[in-house]
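The values are calculated or read from the model by the stated rules, or taken from the named source; none is laboratory data. Small disclaimer: the values here were computed from a predicted structure and weren't measured. Cβ coordinates were reconstructed from backbone atoms using ideal geometry, including for glycine residues, and neighbour counts include every protein chain displayed.
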Amino acid sequence: MRNAAKTTSRFLRRFWRGLREWCGDAAYESYLRSKDTPSGSGRPLTPAEFYVEQLNRRYSRPNRCC
Amino acid sequence: MKRVFVIVVWLGVALLGTGAFGKIAFDRGEPLNATWFVVAAVCCYLVAYRLYSAFVAAKVLALDDTRATPSERYDDGRDFVPTNKWVLFGHHFAAIAGPGPLVGPTLAAQFGYLPGTLWLIAGAAFAGCVQDFVILFCSIRRDGKSLGQMAREEVSERGGFIAQLAVLAIMTILLAVIGLVVVNALKSSPWATFTLAMTIPIALLLGLYLRFVRPGRVLEASVMGVALVLFVVVAGQWVADSPSWSCVFTLSGVALAFAIMGYGFAASALPVWLLLAPRDYLSAFIKAGAIFTLAAGILFVRPQVLMPPLTRFIDGTGPVFAGKIFPFCFITIACGAISGFHSLISSGTTPKMILRESHARFIGYGAMLLESFVGVMAMVAACAMPPGIYFAINSPPSIVGGAGDAAAATISGWGYPLQAQTMTELAHKVGELTLWNRAGGAPSLAVGMAQIFSSTIGGERLLSIWYHFAIMFEALFILTVLDAGTRVGRFMVQDLGGRVWKPFGRTGWMPGILMSSAIIVALWGYFLYQGVVDPLGGINSLWPLFGISNQLLAAVALVVATTILMKMGRLRWIWVTLLPMAWLVVITMTASYQKIFDANPRIGFLAYANALAAQIAAGKIPAEKIAETHRLIFNQRLDAAVTGVLAAMILVLIVEALAQWYSILSRRKEPVLHESPYVATRWAADFSGAAHGDD
């Protein structure tokens, strides 16, 4: 019983992480974790700066198909 | 023992698939249950994935998991992000799945269910999935380079330029044709127009929230947005029932076309975080939910497929679009079987996020199989309604003789019984003023989906809500493609214009932004307007043009893939990309030739232009319609010229590639492969992405 609860909880945790990654909710966390985090100015971008920068980059090339 | 068991299971899957396929191909008795379609498709996909994609991965591409992918070497948390394979599969699928696999099969259902279903499954397994998979692999090996860059490096400079032009051409025609699908879905429908219009303020609200209140908190914002969108779907009924409000939202085709152009311009020129991105978030969630619900609904309801396997319109006289099965079924199905546009995604974001080379099989090949399955579901939804209703919704008035009894008599005369009263009752049930002459695929798909959904939840009482939910779902993500495409088109125009006049190329310069947005909107807007005022319904001209340009881009991608395989010394397996490429060249060339030169005015652009000119010369056109007819003649000649240019581009590229292949095979030139050098991975074998706790 305890094992089943553990497996379910692990599955739900992974699903939640996957969902956040898929929709972009966890993008800033991934950015902070990446090896190139500090930007040219020597400090990491704030969440708002990162959000706008990421969107500008994403929507400047084909990212939605027919 | 285990091996024997596995073999027995796979033999069982293959036999089940063969049996289901046999049933849908040869059954000529009672209406067929849709479950057979699902079983046939799923079994074929499983076998194709297990055997063919494994063969391509092992023998043709020789995927190497010891090699570090771009996401490991350049990990910057922005473009290059090591991503779990299931998450990346979701990303990739959300990017490649657009309106094409829904609209294409719905239109192709005019030939009957069989040709479209066969091409959806076989085309995906042997062409579409292979293209996506191989291009993804090629891009991974080249640090995530785009198709255009790979064409330039591996084929020739001219090849790269052609790929760039092909992308701009396909973008222009794609945006026009999907705009037309939305116009035909919203025309004279206050409920649907209100619902879709309200998604704009909802998106603006989310945009402000995500920018200033909780930056980047996409999930919570999307949940709020989806709830608001579902509310406006219901609220649309109140608007439609209110005499004063319903007339505000009852718009003609031309008015809607200009509204869509205005929206495209705004989405391209405004900051991306304000309108475009939040709409995309909404669309992604609703798209995933609606596709999942449709699959569950088909399995739960198991509707009867009422369309015959083959209709009389295989002879090319179809009311939805003119042209015989070959080549027009393959051109019309488009993205559900193979889409050149996918090669832009496979050489765009995905290769920069992939963890291991072996994941390319699951993501590249697997996501396209799922897209093909969406196409099969759309085919089922379209074929589950009585054929008479299908043709009444999708035929333009000039073909069926308007609406009502005359049109019902025409359709019944084709052998698909229909009473005008049936259409009136159906329109009333779904909350529309009329369902006659709503070409474009979206309304008939929405009727099919609504019937499946309402059989699962709510019964006939909720039919109108489900219908408008389906219309909102289709229109929402069509507009997402339209606004994102307009913005990318704007960058392409700025890039080209910047070569002539430098300031124009600066992406942050407001006059440049406004001018380039206006140019790209004018380009696709012209074709959209032309489609809206076309007496043959617009879809008849524009959808084949879109299909040709999309398959042309697929041919470009497969030429690049074949050249790379040749340079890699995989001559023995070259047929894997060469055969689909040859097939695509044959269908695009045949379709292009017929669309330009066919003597039937409903097929050939020039024949239609000449027929109209002859009518003017014979004095058969009233004086007040002469200017309009001259415009129609010009449009037909323009369409012929565009088709000719598309065909010429692929011919030039093939000549370029043949010269390249000849020099490689005759050893006149040492093949130079522009792969990134091998770097061994430092990740453990079970590493599944940083965000998944594997640091």
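Can you say whether B:L445 is under 23 Å from B:P101 (Cα atoms), of a type outside the set (D, E, K, R) and assigned to a loop (DSSP other than H, G, I, E, B), as far as the supplied structure shows? Steps first, please.
Numbers: under 23 Å from B:P101 (Cα atoms): yes; of a type outside the set (D, E, K, R): yes; assigned to a loop (DSSP other than H, G, I, E, B): no.
No.
(1) crowded, with 24+ Cβ neighbours inside 10 Å; (2) of a type in the set (A, V, I, L, M); (3) over 30 Å from B:G604 (Cα atoms): which one isn't true of B:A337, the others all being true?
Evaluating B:A337 over (1) crowded, with 24+ Cβ neighbours inside 10 Å; (2) of a type in the set (A, V, I, L, M); (3) over 30 Å from B:G604 (Cα atoms) leaves (3) as the failure.
Condition check: within 14 Å of another protein chain (Cβ to nearest Cβ) and either in a helix (DSSP H, G or I) or surrounded by fewer than 24 Cβ atoms within 10 Å (Cβ to Cβ) (or both). Does B:V177 satisfy that? Reasoning before the result, please.
Numbers: within 14 Å of another protein chain (Cβ to nearest Cβ): yes; either in a helix (DSSP H, G or I) or surrounded by fewer than 24 Cβ atoms within 10 Å (Cβ to Cβ) (or both): yes.
When the stated conditions are applied, B:V177 passes them.
Scan (1) closer than 30 Å to B:L578 by Cβ; (2) without any contact (Cβ under 8 Å) to a residue 40 or more places away in the chain for the single condition B:Q551 breaks and write down its number.
B:Q551 satisfies all of (1) closer than 30 Å to B:L578 by Cβ; (2) without any contact (Cβ under 8 Å) to a residue 40 or more places away in the chain except (2).
Are any of the residues in the stretch B:555-569 in contact (Cβ under 8 Å) with a residue 24 or more places away in the chain, in contact with a helix residue (DSSP H, G or I) (Cβ under 9 Å, 6 or more places away or on another chain), among the β-branched types (V, I, T) and not in a helix (DSSP H, G or I)?
No - not one qualifying residue is present in the stretch B:555-569.
Does the stretch A:55-63 contain at least one residue that is modelled with pLDDT under 90 and either within 14 Å of B:P215 (Cα to Cα) or touching a Pro at 6+ places or on another chain (Cβ under 8 Å) (or both)?
no
Select from the stretch A:41-66 the residues that are among the aliphatic types (A, V, I, L, M) and either in a helix (DSSP H, G or I) or at the interface with another protein chain (Cβ under 7 Å from one of its Cβ atoms) (or both) and list them in ascending order. Reasoning before the result, please.
From the stretch A:41-66, those among the aliphatic types (A, V, I, L, M) are A:45, A:48, A:52, A:55; that's our starting set.
The answer is A:A48, A:V52, A:L55.
Kindly indicate whether B:S455 is in contact with a helix residue (DSSP H, G or I) (Cβ under 6 Å, 6 or more places away or on another chain), crowded, with 24+ Cβ neighbours inside 10 Å and among the polar types (S, T, N, Q). Explain how you work it out, then say what you get.
Working: in contact with a helix residue (DSSP H, G or I) (Cβ under 6 Å, 6 or more places away or on another chain): yes; crowded, with 24+ Cβ neighbours inside 10 Å: no; among the polar types (S, T, N, Q): yes.
Spelling it out, it is not the case that B:S455 is in contact with a helix residue (DSSP H, G or I) (Cβ under 6 Å, 6 or more places away or on another chain), crowded, with 24+ Cβ neighbours inside 10 Å and among the polar types (S, T, N, Q).
Please find, within the stretch B:565-594, the residue that is nearest to B:Q636 (Cα to Cα) out of those that are surrounded by 22 or more Cβ atoms within 10 Å (Cβ to Cβ) and touching a Leu at 6+ places or on another chain (Cβ under 7 Å).
B:S592
For every residue, the table says whether it meets (1) within 18 Å of B:A555 (Cα to Cα); (2) under 14 Å from the mean Cα position of the chain (by Cα).
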{"site": "B:K145", "(1), (2)": "no, no"}
{"site": "B:R152", "(1), (2)": "yes, no"}
{"site": "B:V155", "(1), (2)": "yes, no"}
{"site": "B:G159", "(1), (2)": "yes, no"}
{"site": "B:A163", "(1), (2)": "yes, no"}
{"site": "B:A169", "(1), (2)": "yes, no"}
{"site": "B:A176", "(1), (2)": "no, yes"}
{"site": "B:V183", "(1), (2)": "no, no"}
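Among B:A648, B:A627, B:A657, which is buried (at least 17 other Cβ atoms within 10 Å of the Cβ) and part of a helix (DSSP H, G or I)?
On the way: B:A648 fails: buried (at least 17 other Cβ atoms within 10 Å of the Cβ); B:A627 fails: buried (at least 17 other Cβ atoms within 10 Å of the Cβ).
Going through B:A648, B:A627, B:A657 in turn, the sole match is B:A657.
Quick one: which residue in B:R602, B:R572 is charged (D, E, K, R), out of contact with any strand residue (DSSP E or B) (no Cβ under 9 Å at 6 or more places or on another chain) and not in a helix (DSSP H, G or I)?
Values: B:R572 fails: not in a helix (DSSP H, G or I).
None of the others qualify; the one that does is B:R602.
What's the total number of residues in the stretch B:291-316 that are in contact (Cβ under 8 Å) with a residue 40 or more places away in the chain and either of a type in the set (D, E, K, R) or out of contact with any helix residue (DSSP H, G or I) (no Cβ under 9 Å at 6 or more places or on another chain) (or both)? Before you say what the answer is, go through the steps one by one.
Taking the stretch B:291-316 as the starting set, the residues that turn out to be in contact (Cβ under 8 Å) with a residue 40 or more places away in the chain are B:291, B:293-314, B:316.
Add one more test, that the residue is either of a type in the set (D, E, K, R) or out of contact with any helix residue (DSSP H, G or I) (no Cβ under 9 Å at 6 or more places or on another chain) (or both), and what stays is B:302, B:304, B:312.
Looking only at that region, the number is 3.
Of all residues in the stretch B:261-272, how many are within 11 Å of chain A (Cβ to nearest Cβ) and surrounded by fewer than 24 Cβ atoms within 10 Å (Cβ to Cβ)?
2
Please specify each residue of the stretch B:273-312 satisfying the condition of being facing chain A (nearest Cβ under 10 Å) and in contact with a Pro (Cβ under 6 Å, 6 or more places away or on another chain).
none
Could you pull out every one of the helices (runs of 4 or more DSSP H) wholly within the stretch B:30-122 that has 3 or more residues that are crowded, with 24+ Cβ neighbours inside 10 Å, out of contact with any Lys or Arg (no Cβ under 6 Å at 6 or more places or on another chain) and within 14 Å of chain A (Cβ to nearest Cβ)?
B:85-96, B:100-108
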